[in-house]
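Asker: Have a look at the structure that comes next, please.
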There are 2 protein chains.
Amino acid sequence: MNNLYLALIHHPVTNKKGDTIASALTTIDLHDIARAAATFGAAGFYVVTPLEDQMRLAGEVLDHWITGVGGRLNPFRKQALEKIKVVASFEEAVADLEAEHKKKATSVATSAARYSRAVTARQLAETIDSNGPVVMAFGTAWGLSEPFVNQCDLILEPISGWDNYNHLSVRSAVSIILDRICMNHQYLTTNTSQV
Amino acid sequence: MNNLYLALIHHPVTNKKGDTIASALTTIDLHDIARAAATFGAAGFYVVTPLEDQMRLAGEVLDHWITGVGGRLNPFRKQALEKIKVVASFEEAVADLEAEHKKKATSVATSAARYSRAVTARQLAETIDSNGPVVMAFGTAWGLSEPFVNQCDLILEPISGWDNYNHLSVRSAVSIILDRICMNHQYLTTNTSQV
């Protein structure tokens, strides 16, 4: 899936009261999501924060694990974290991958809320390969702000579990969604090659 | 899935060199895995550590989020963490849930390695409901020790991604496996009720 990208959004996201905020970085998000991206073959992972101190913090984590002692001790972690680029806005991430692919990107919002125009993982998997790059945005804190969701090209349906409880960590949500897309993508690829 | 249980094993697991060790608790594991358990309707989540100071640490986390201020601020987190029981060994977890269900439990090992007798998520989903309780063991650190895996009734096949990179965090692995089992279980339940 060499045109599927992830973006972890720290602004604009909401807090518990619904206000739009810029959230602080959680360094374990970088590790877990980069490892999932590497496992499922996502092409890249943008960490999006407008806060300069948080950009510096992300840079320090990456330095330690890519060029520093962490990377020598754990080359698998280095391999995963090399997928990360730190950018100040989602627009910057989109511009970066459009410049790389020389094609318009499709932006995909994820949300625990239900939107009438939401697509399934199967439908999203169908768009991968057929067009330009696809970038999925995941919200930290209490999730992506509604205006952000509404301005994305696509919205992915929420992960529905069993008990109407849907308060997964963003780390879990990214992992599950990548697995679902990868499974559907493999199914579609196999299916197409059999025709 | 009211007879599916999770166990997060801190002993016996391996370190990078393959030695069997008791690993330290990572408190975010408790949160992420409990939230995934609540989302997918797992009946309970055993945190298994023989180390008294680590059992105390787990107890302090649970106190804060269940009876303390955390639970009042975030009732969803309280609801998830209430699924946790801290026990000293996997045997103790098995004895506890066998006493509750008055039936023999099926133990399931998870591993990033391939075992010839490994079952798929579909096959595992078929065993849920048909027998007594099922408890899936997940290893921290570099994974469950091989003797532990071999003594389990079943072994679940590893999560295979795309790039032969399978170094997911245990938090991601639990989330993906619960999603796969839940999807298969829902499919089987729907299928059966249509017959």
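Asker: Please verify whether residue B:126 is surrounded by fewer than 16 Cβ atoms within 10 Å (Cβ to Cβ), more than 14 Å from every other protein chain (Cβ to nearest Cβ) and modelled with pLDDT of 95 or more, treating the condition exactly as stated. Give the steps one after another, and end with the answer.
Answerer: On the way: surrounded by fewer than 16 Cβ atoms within 10 Å (Cβ to Cβ): yes; more than 14 Å from every other protein chain (Cβ to nearest Cβ): yes; modelled with pLDDT of 95 or more: no.
The answer is no for residue B:126.
Asker: So, of the residues in segment A:16-60 that are facing chain B (nearest Cβ under 10 Å) and open to solvent by 20 Å² or more (accessible area, probe 1.4 Å), which turns out to be farthest from the chain's Cα centre (by Cα)?
Answerer: So, considering only residues that are facing chain B (nearest Cβ under 10 Å) and open to solvent by 20 Å² or more (accessible area, probe 1.4 Å), the one farthest from the chain's Cα centre (by Cα) is A:16.
Asker: Do we find that residue A:111 is open to solvent by 10 Å² or more (accessible area, probe 1.4 Å), within 18 Å of residue A:171 (Cβ to Cβ), touching an Asp or Glu at 6+ places or on another chain (Cβ under 9 Å) and in contact (Cβ under 8 Å) with a residue 40 or more places away in the chain in this structure? So that I can check it myself, show each step before the final result.
Answerer: Values: open to solvent by 10 Å² or more (accessible area, probe 1.4 Å): yes; within 18 Å of residue A:171 (Cβ to Cβ): yes; touching an Asp or Glu at 6+ places or on another chain (Cβ under 9 Å): yes; in contact (Cβ under 8 Å) with a residue 40 or more places away in the chain: yes.
Yes, satisfied.
Asker: Taking residue B:178 as the residue in question, decide whether it is surrounded by 14 or more Cβ atoms within 10 Å (Cβ to Cβ) and assigned to a loop (DSSP other than H, G, I, E, B).
Answerer: Numbers: surrounded by 14 or more Cβ atoms within 10 Å (Cβ to Cβ): yes; assigned to a loop (DSSP other than H, G, I, E, B): no.
No, not satisfied.
Asker: I need a count of the residues in segment B:79-91 that are among the acidic types (Asp, Glu), away from chain A (no Cβ under 14 Å) and surrounded by 15 or more Cβ atoms within 10 Å (Cβ to Cβ). Steps first, please.
Answerer: Looking only at segment B:79-91, we keep the residues that are among the acidic types (Asp, Glu), and these are B:82, B:91.
Restricting the remaining residues to those that are away from chain A (no Cβ under 14 Å) gives B:91.
Filter once more, so that each one left must be surrounded by 15 or more Cβ atoms within 10 Å (Cβ to Cβ): none.
The total comes to 0.
Asker: Within segment A:176-185, how many residues turn out to be of a type in the set (D, E, K, R) and free of Cβ contacts under 8 Å to residues at least 60 places away in the same chain?
Answerer: Kept after step one, since they are of a type in the set (D, E, K, R), are these residues of segment A:176-185: A:179-180.
Applying the additional criterion that residues be free of Cβ contacts under 8 Å to residues at least 60 places away in the same chain yields A:180.
Qualifying residue count, segment A:176-185: 1.
Asker: Something else about it: Quick one: count up the residues across segment A:93-104 that are in contact (Cβ under 8 Å) with a residue 40 or more places away in the chain and either touching a helix residue (DSSP H, G or I) at 6+ places or on another chain (Cβ under 8 Å) or of a type outside the set (A, V, I, L, M, F, W, C) (or both).
Answerer: Step one: filter segment A:93-104 for residues in contact (Cβ under 8 Å) with a residue 40 or more places away in the chain, giving A:93-94, A:96-97, A:101.
Cutting the leftovers down to either touching a helix residue (DSSP H, G or I) at 6+ places or on another chain (Cβ under 8 Å) or of a type outside the set (A, V, I, L, M, F, W, C) (or both) gives us A:96, A:101.
Within segment A:93-104, residues that are in contact (Cβ under 8 Å) with a residue 40 or more places away in the chain and either touching a helix residue (DSSP H, G or I) at 6+ places or on another chain (Cβ under 8 Å) or of a type outside the set (A, V, I, L, M, F, W, C) (or both) number 2.
Asker: Okay, moving on. Kindly list the number of the only condition in (1) in a loop (DSSP other than H, G, I, E, B); (2) in contact (Cβ under 8 Å) with a residue 12 or more places away in the chain; (3) more than 11 Å from chain A (Cβ to nearest Cβ) that fails for residue B:158.
Answerer: Answer for residue B:158: the failing condition is (3).
Asker: Looking at (1) open to solvent by 20 Å² or more (accessible area, probe 1.4 Å); (2) at pLDDT 95 or above; (3) hydrophobic (A, V, I, L, M, F, W, C), find the lone condition where residue B:149 falls short.
Answerer: (1)
Asker: Output the residues belonging to segment B:61-78 that are touching a Leu at 6+ places or on another chain (Cβ under 8 Å) and open to solvent by 40 Å² or more (accessible area, probe 1.4 Å).
Answerer: Answer for segment B:61-78, where residues must be touching a Leu at 6+ places or on another chain (Cβ under 8 Å) and open to solvent by 40 Å² or more (accessible area, probe 1.4 Å): B:65, B:66.
Asker: Turning to a different aspect of this structure: What number of residues within segment A:77-115 satisfy the criterion of being under 14 Å from the mean Cα position of the chain (by Cα), among the polar types (S, T, N, Q) and under 30 Å from residue A:67 (Cα atoms)?
Answerer: Result for segment A:77-115: 1.
Asker: Right, something else. I need every pair where a residue in segment B:164-175 that is within 7 Å of chain A (Cβ to nearest Cβ) and over 15 Å from residue A:168 (Cα atoms) has its Cβ under 8 Å from the Cβ of a residue that is open to solvent by less than 10 Å² (accessible area, probe 1.4 Å) and of a type in the set (Ser, Thr, Tyr), sequence separation at least 6 or different chains.
Answerer: From segment B:164-175, the pairs are B:165/A:39; B:166/A:39; B:167/A:39; B:168/A:39; B:168/A:175.
Asker: Can you say whether residue B:193 is open to solvent by 10 Å² or more (accessible area, probe 1.4 Å), more than 8 Å from chain A (Cβ to nearest Cβ), part of a loop (DSSP other than H, G, I, E, B) and modelled with pLDDT under 95, as far as the supplied structure shows?
Answerer: Values: open to solvent by 10 Å² or more (accessible area, probe 1.4 Å): yes; more than 8 Å from chain A (Cβ to nearest Cβ): yes; part of a loop (DSSP other than H, G, I, E, B): no; modelled with pLDDT under 95: yes.
No; evaluated as a whole, the condition is false for this residue.
Asker: Pairs under 6 Å by beta carbon, first residue without any contact (Cβ under 8 Å) to a residue 40 or more places away in the chain and under 17 Å from residue A:142 (Cβ atoms) in segment B:61-74, partner part of a helix (DSSP H, G or I) and not polar (S, T, N, Q), six or more apart or different chains?
Answerer: B:70/B:64
Asker: Just give me the residues in segment A:154-170 being open to solvent by 20 Å² or more (accessible area, probe 1.4 Å), within 15 Å of the chain's Cα centre (by Cα) and of a type outside the set (A, V, I, L, M, F, W, C), in sequence order.
Answerer: A:157
Asker: Of (1) in contact with a strand residue (DSSP E or B) (Cβ under 8 Å, 6 or more places away or on another chain); (2) more than 20 Å from residue B:5 (Cβ to Cβ), residue B:58 satisfies all except one. Which?
Answerer: Single failed check for residue B:58: (2).
The values are calculated or read from the model by the stated rules, or taken from the named source; none is laboratory data. From a predicted model like this one, the values you see are computed outputs, not experimental measurements. All Cβ positions, glycine included, derive from the backbone under ideal geometry; neighbour counts span all protein chains shown. Surface areas here come from the heavy atoms of the whole protein model, side chains and all, with no ligands, DNA or RNA. Shrake-Rupley method; radii C 1.70, N 1.55, O 1.52, S 1.80 Å.
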